[in-house]
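Nothing in this text is a laboratory measurement; each read-out follows from the coordinates by a stated rule. In this text the structure is predicted, and so the values were computed from the model without any measurement. Every residue, glycine among them, receives a Cβ derived from its backbone with ideal geometry; neighbour counts consider all protein chains shown.
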Amino acid sequence: MGKGTVDEIIAEAVEATTPEKKESSNPIKNTADPDSVNRLYALYPSKCPVSGRATGKSHKDKEILTRLLREHSEKEISDTIKRYVKDSTEQKSYIKNFSTFLHNLPDYGNKTDAEGQTRAEGEDTAHTIKQPWFKDFVESRKGLYDEL
């Protein structure tokens, strides 16, 4: 057997198998302004105006907002929240739980899509088919079903 006491051997084994802690190489830590996170958090209602049920706001949602602020501007998220709440209230539809909403942000903005075309305000891009053959197919079938 090796030299040393049992405690020394165990200490050496633990030291050899314990990985060294490295400093985070991620330059983006928590760069979101806490005031921005709090402002956005306050915009979403705690209770659904239509059904009156709680929207499940929690501290975890602030962490999600912090992450979203790395990818989107505060104004963009703010406008999205305001429009979603307004649309849901006008249509008398329930409001999603806050974490569900944050994980599936609706896209309302005037932005440029991948093809460089500017989308109109509120245009539904989720169901837009971008394949050119599809447009040709639809055009070739336009008059076929008018008689039905």
Completion exercise
Lys47 neighbourhood, Cβ < 11 Å, K/R = +1, D/E = -1, net charge +2
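Restrict the search to the range 30-113; then list the chymotrypsin sites (Phe, Trp or Tyr not before Pro) that DSSP places in a loop and that have at most 15 other Cβ atoms within 10 Å of their Cβ. If you can, show how the numbers build up before the last one.
Numbers: sites: Tyr41, Tyr84, Tyr94, Phe98, Phe101, Tyr108; in loops: Tyr94, Tyr108.
Filter output for the range 30-113: Tyr94.
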Problem - Amide hydrogen neighbours beyond the local backbone of Tyr108, cut-off 5 Å, H modeled - result: none
Exercise for the section: Could you line up Asp87, Asp61 from fewest to most neighbouring Cβ atoms inside 10 Å? Expected result: Asp87, Asp61
Handout entry: Measure of compaction for the range 32-107 (Cα Rg per 2.2 N^0.38 Å)
Key = 1.03
